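These notes concern the structure reproduced below.
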Amino acid sequence: MTLRTIFLFLLVALLIVLTGVLQSWNTALYILNMGLVSAIMALGLNTQWGFAGLFNVGIMGFVALGGLAAVLVSEPPVQEAWAAGGTRLIFALLVGIGAIAAVVAIRKRLHAGWLRAATTAVLAIAGFALYRTLFDPARDAVEAVNPASTGFLGGLGLPVLLAWPVGGLLAAGAAWVIGKTALGLRSDYLAVATLGISEIIISILKNEDWLARGVKNVVGIPRPVPYEIDLQQDPGFVEAASGLGLDPVTASTLYVKLLYTGLFATVLVVLVVLTQLALNAPWGRMMRAIRDNEVAAAAMGKDVTRRHLQVFILGSAICGIAGAMMTTLDSQLTPGTYQPLRFTFLIWVMVIVGGSGNTLGGVLGGFLIFFLWVEVEPLGQMLLNVVTMPLPDGALKTHLLDSAAHMRLLTMGVVLLLVLRFSPRGLLPER
Amino acid sequence: MDLLNALVALTNFVIVPATAYGAQLALGALGVTLTVAVLRFTNVAHGDTMAFGTMVTILATWGLQSIGITGGPVPTALIALPAGIAATAALLLATDRLVYRFYRQQRASSAILLIVSIGVMFVMNGLVRFIIGVDDQRFDDGARFLVSARDFKAWSGLDEGLAIKTSQGITVLTAAVVMAALFWFLNRTRTGKSMRAFADNRDLALLSGIDPERVVAITWILVAALATIAGTLYGLDKSFKPFTYFQLLLPIFAAAIVGGLGSPVGAIVGGFIVAFSEVGLTYAWKKVFSYLLPMGLAPDGLAQLLGTEYKNAVSFLILVLVLLIKPTGLFKGTST
């Protein structure tokens with residue numbers, strides 16, 4: 001904890017407090033909560049890029065898997081859908097997985113040659129055909145159950161907090177598959193592979209209605225905190241609110257947000273402490289050694305690809321946890337809102353601006369950049385209002401004013417480029 | 001007769017669209033592969049470069065149309081193309097001067113350059129959205145079809161029609177001309193040879209008196225031209241929407257990697273491989289099968305392997321297969 005660290009974190013705190021005073025406390029708490037989530041995502045990426053030099057441009061996918069976990073864990077199961085075809089559908093999925101496993105096993109047994117190629121092709125095609133014959137009718141049956149309100153299998157009906165570790169596990173599973181294929185090759189292959197898997201995860205979420213209703217969205221995911229409406233009807237709460245001089249509606253929204261803040265802050269602190277412990281342990285020294293000189297580390301007997309796989313899975317799992325937390329905060333899963341610029345590349349800006357390789361740097365970047373992301377839009381609007389003042393009313397002026405929303409992308413790009421140029425190690429450099 | 005009908009259906013729904021799409025991907029992948037070979041980094045901003053070039057071309061098209069100049073049967077956008085290329089080249093050269101040159105002089109690693117290109121991508125994306133917005137734009141004019149389905153049926157007497165859109169014909173023709181010109185440039189001219197020398201061994205090229213800044217500038221101009229042409233052809237064939245162009249990044253990278261990063265021939269072959277697999281796997285083969293197979297054996301379902309919404313999964317599958325089986329790509333690109 002240097003003076004600089006403390007100063008910069010105080011500055012972020014001040015910015016959030018100023019938002020509260022000047023705009024509204026609800027906005028300030030929104031920035032704080034999403035800042036906490038962003039900080040965790042940035043921590044995940046920092047583990048991969050900052051500590052191991054791995055290129056992950058598929059954070060969006062891991063975040064979305066976390067969101068899926070929130071649905072699968074906490075939504076109540078849809079009994080009719082399970083009765084209609086749920087078991088058949090799960091069986092079909094197992095058959096599909098079994099077919100893939102069979103192909104892999106056969107490929108391991110046989111030697112390379114035309115026999116192996118032919119068996120692989122036949123097995124793959126037959127497996128796929130079998131899977132589709134089993135899967136398609138089951139899916140149609142499930143999706144036909146009351147499509148306007150359910151049309152999916154639902155979840156397990158467990159407390160939503162359980163979804164956070166489950167989200168991490170789902171993301172870790174996806175990361176394992178990607179890491180197995182793309183690690184150990186040139187570094188930008190991992191980048192392209194992660195870009196691909198994230199797009200596919202979003203496609204699956206958008207199109208597989210039986211899983212999480214696709215673009216029909218799952219809304220009203222159970223919450224770990226009380227509902228505002230219940231608080232407003234609780235006489236004890238109303239009394240306490242009026243004691244603080246707040247009306248019950250504002251007080252209830254603030255109270256709920258503060259509860260989330262408490263939960264999120266706990267997760268962040270635990271993760272930061274764990275990361276710091278790991279980094280100061282021999283494991284952390286080994287990771288840095290591998291990052292700084294792979295050849296030398298390999299010569300010392302370190303299995304570079306294996307370590308890379310390990311840290312890639314860990315970082316992705318952290319992103320998955322953050323994704324589950326975000327969906328919990330929103331109480332809804334809306335696959336249409338996952339945009340790579342927002343959920344992948346913005347996280348990169350956070351890590352680079354905050355300081356790659358520095359745990360607290362990434363956290364700081366998460367808060368700061370999310371603050372900018374929210375606040376650039378009203379500021380840009382104001383700026384354009386001033387700039388277009390002398391212009392006559394007309395198409396150009398309207399166009400400029402309407403385009404203010406796009407200022408934030410421009411700003412993020414400029415911020416990233418400026419930091420990379422003039423302070424390439426970020427606001428809080430790695431020691 | 002049934003065989004002919006099946007062939008026509010196959011051509012109409014698979015071969016023609018996939019050839020046009022493949023040509024567009026190949027041009028895009030050529031741009032990526034040139035950046036990798038000469039500038040030595042993976043340019044994430046390539047999709048947005050394509051979007052920028054297409055945007056300028058669209059604006060120029062509208063300008064031409066408003067003063068009454070059109071291309072007659074061919075799309076006006078082809079006349080506007082030079083304006084798009086010039087503007088994109090200017091933008092890329094300015095970006096290089098302001099951003100990339102600093103890192104080149106520092107001999108920064110390709111990883112740093114990739115991150116820098118993320119920043120450039122944000123700026124370009126913001127610029128495009130700021131100027132033209134996020135909505136769909138259609139800008140094709142002129143004749144819609146080279147061969148229309150009805151004319152073909154009347155001429156051949158078959159049940160199946162064959163339609164070739166003007167944009168598809170123009171895509172293939174333009175792509176062929178551009179590729180021929182590019183290979184002539186790279187293999188036959190002094191500048192092209194110096195570019196290849198620079199790509200092969202930078203230090204040796206410097207020793208032989210090749211001016212690196214000139215090579216870099218020419219590369220950016222080529223990338224601008226390829227990106228703008230690819231983007232405009234894609235936009236003519238389908239439509240222009242900034243976000244779609246960002247999503248083209250995945251098939252384009254897949255094409256470049258399948259062919260072998262850094263290999264121009266590979267980029268072209270890769271583009272067609274990705275396009276044909278994408279269209280082939282997402283096409284409902286029922287129609288073709290029902291002509292070929294005897295009565296009763298024809299499939300009940302659509303015989304579609306993957307829904308069209310999963311077409312990006314195809315590029316990814318191809319990518320994974322290549323990474324697992326032959327990481328250097330078909331044409332010996334660099335893999336480490």
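The values are calculated or read from the model by the stated rules, or taken from the named source; none is laboratory data. Quantities reported herein were computed from a predicted structural model and do not represent experimental measurements. Reconstructed Cβ throughout: ideal geometry from the backbone, glycine too, with neighbour counts over all protein chains shown.
Looking only at helices (runs of 4 or more DSSP H) that lie completely in segment A:222-292, which have at least 1 residues being at pLDDT below 90, of a type in the set (S, T, N, Q) and surrounded by fewer than 18 Cβ atoms within 10 Å (Cβ to Cβ)?
A:228-233, A:235-243, A:248-280
Please indicate, with yes or no, whether at least one residue in segment A:324-337 is under 18 Å from the mean Cα position of the chain (by Cα) and closer than 17 Å to A:Ala175 by Cβ.
Pass one, segment A:324-337, residues under 18 Å from the mean Cα position of the chain (by Cα): A:324-337.
Narrowing the set further to residues that are closer than 17 Å to A:Ala175 by Cβ leaves A:324.
Checking segment A:324-337: at least one residue is under 18 Å from the mean Cα position of the chain (by Cα) and closer than 17 Å to A:Ala175 by Cβ.
Okay, residues lined up against (1) within 30 Å of A:Val419 (Cα to Cα); (2) away from chain A (no Cβ under 14 Å); (3) touching a Gly at 6+ places or on another chain (Cβ under 9 Å):
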{"site": "B:Met124", "(1), (2), (3)": "yes, no, yes"}
{"site": "B:Val128", "(1), (2), (3)": "yes, no, no"}
{"site": "B:Arg138", "(1), (2), (3)": "no, yes, yes"}
{"site": "B:Asp141", "(1), (2), (3)": "no, yes, yes"}
{"site": "B:Ile164", "(1), (2), (3)": "no, yes, no"}
{"site": "B:Thr174", "(1), (2), (3)": "no, yes, no"}
{"site": "B:Arg188", "(1), (2), (3)": "no, yes, no"}
{"site": "B:Lys193", "(1), (2), (3)": "no, yes, no"}
{"site": "B:Asp200", "(1), (2), (3)": "no, yes, no"}
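Of the residues that make up segment B:222-232, is at least one at pLDDT 90 or above and outside any helix (DSSP H, G or I)?
no
Quick grid of which residues meet (1) out of contact with any Leu (no Cβ under 6 Å at 6 or more places or on another chain); (2) free of Cβ contacts under 8 Å to residues at least 60 places away in the same chain:
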residue	(1), (2)
A:Gly53	yes, no
A:Phe62	yes, no
A:Ala69	no, no
A:Glu80	yes, no
A:Gly86	no, no
A:Leu93	yes, yes
A:Gly113	yes, yes
A:Ala121	yes, yes
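Taking the conditions exactly as written (farther than 26 Å from B:Asp135 by Cα, surrounded by fewer than 18 Cβ atoms within 10 Å (Cβ to Cβ) and either of a type in the set (Asp, Glu) or within 10 Å of chain B (Cβ to nearest Cβ) (or both)), does A:Glu430 satisfy them or not? Walk me through how you get there before you give the answer.
Details: farther than 26 Å from B:Asp135 by Cα: yes; surrounded by fewer than 18 Cβ atoms within 10 Å (Cβ to Cβ): yes; either of a type in the set (Asp, Glu) or within 10 Å of chain B (Cβ to nearest Cβ) (or both): yes.
Taking the combined requirement at face value, the residue satisfies it.
Give A:Val95, A:Val103 a once-over and let me know the one that is among the β-branched types (Val, Ile, Thr), at pLDDT below 90, surrounded by 13 or more Cβ atoms within 10 Å (Cβ to Cβ) and not assigned by TED's automatic domain parsing to the domain that holds A:Leu346.
Of A:Val95, A:Val103, the one residue that is among the β-branched types (Val, Ile, Thr), at pLDDT below 90, surrounded by 13 or more Cβ atoms within 10 Å (Cβ to Cβ) and not assigned by TED's automatic domain parsing to the domain that holds A:Leu346 is A:Val103.
Go through (1) in the same structural domain as A:Ile347 (by TED's automatic domain parsing); (2) within 27 Å of the chain's Cα centre (by Cα); (3) without any contact (Cβ under 8 Å) to a residue 60 or more places away in the chain one by one and return the number of the condition A:Leu22 breaks.
Tallying (1) in the same structural domain as A:Ile347 (by TED's automatic domain parsing); (2) within 27 Å of the chain's Cα centre (by Cα); (3) without any contact (Cβ under 8 Å) to a residue 60 or more places away in the chain, A:Leu22 fails exactly one: (2).
Tell me yes or no: at least one residue of segment A:174-187 is within 14 Å of chain B (Cβ to nearest Cβ) and on the phi > 0 side of the Ramachandran plot.
Yes: one or more hits.
Which of the residues that make up segment A:292-313 are of a type outside the set (Gly, Ala, Ser) and more than 22 Å from A:Ala171 (Cβ to Cβ)?
Once the filter is applied, which keeps residues that are of a type outside the set (Gly, Ala, Ser) and more than 22 Å from A:Ala171 (Cβ to Cβ), segment A:292-313 yields A:Asp292, A:Asn293, A:Glu294, A:Val295, A:Met300, A:Lys302, A:Asp303, A:Val304.
Looking only at helices (runs of 4 or more DSSP H) that fall completely inside segment B:1-103, which ones have 1 or more residues that are in contact with a strand residue (DSSP E or B) (Cβ under 7 Å, 6 or more places away or on another chain) and touching a residue at least 24 places away in the same chain (Cβ under 8 Å)? Break it down into steps so the answer makes sense when it comes.
On the way: elements: B:2-10, B:16-34, B:46-66, B:77-95.
Qualifying helices (runs of 4 or more DSSP H): B:16-34, B:46-66.
Kindly indicate the residue of segment A:391-426 that is among the polar types (S, T, N, Q) and within 9 Å of another protein chain (Cβ to nearest Cβ) and also surrounded by the most Cβ atoms within 10 Å (Cβ to Cβ) among those meeting that condition.
Step one: of segment A:391-426, the residues among the polar types (S, T, N, Q) are A:398, A:403, A:411, A:423.
The next check asks that each one be within 9 Å of another protein chain (Cβ to nearest Cβ); those that pass are A:403, A:411.
Numbers: A:Ser403: 18, A:Thr411: 20.
The selected residue is A:Thr411.
For segment A:149-161, check the following and say yes or no: at least one residue is buried (at least 19 other Cβ atoms within 10 Å of the Cβ), under 28 Å from B:Leu113 (Cα atoms) and either in contact with a Pro (Cβ under 8 Å, 6 or more places away or on another chain) or not polar (S, T, N, Q) (or both).
no
Can you name the condition, by its number, that B:Gly262 falls short on among (1) at pLDDT below 90; (2) within 27 Å of B:Val16 (Cα to Cα); (3) not basic (Lys, Arg)?
If we test B:Gly262 against (1) at pLDDT below 90; (2) within 27 Å of B:Val16 (Cα to Cα); (3) not basic (Lys, Arg), just (2) comes out false.
Any residue that is assigned to a helix (DSSP H, G or I), over 21 Å from the mean Cα position of the chain (by Cα) and crowded, with 17+ Cβ neighbours inside 10 Å - is there at least one of those in segment A:165-177?
No, segment A:165-177 contains no residue that is assigned to a helix (DSSP H, G or I), over 21 Å from the mean Cα position of the chain (by Cα) and crowded, with 17+ Cβ neighbours inside 10 Å.
Looking at B:Gly280, B:Gly262, B:Gly271 in this structure, which one is of a type in the set (Gly, Ala, Ser), closer than 30 Å to A:Ile201 by Cα and not in a helix (DSSP H, G or I)?
Testing whether each residue is of a type in the set (Gly, Ala, Ser), closer than 30 Å to A:Ile201 by Cα and not in a helix (DSSP H, G or I) leaves just B:Gly262.
Within the bounds of segment B:269-288, is there any residue that is more than 30 Å from B:Leu4 (Cβ to Cβ) and either under 22 Å from the mean Cα position of the chain (by Cα) or at pLDDT 85 or above (or both)?
Looking through segment B:269-288, at least one residue is more than 30 Å from B:Leu4 (Cβ to Cβ) and either under 22 Å from the mean Cα position of the chain (by Cα) or at pLDDT 85 or above (or both).
Just to be sure I understand, how many residues within segment A:115-142 are among the aliphatic types (A, V, I, L, M) and more than 33 Å from the chain's Cα centre (by Cα)?
Residues meeting the conditions: 10.
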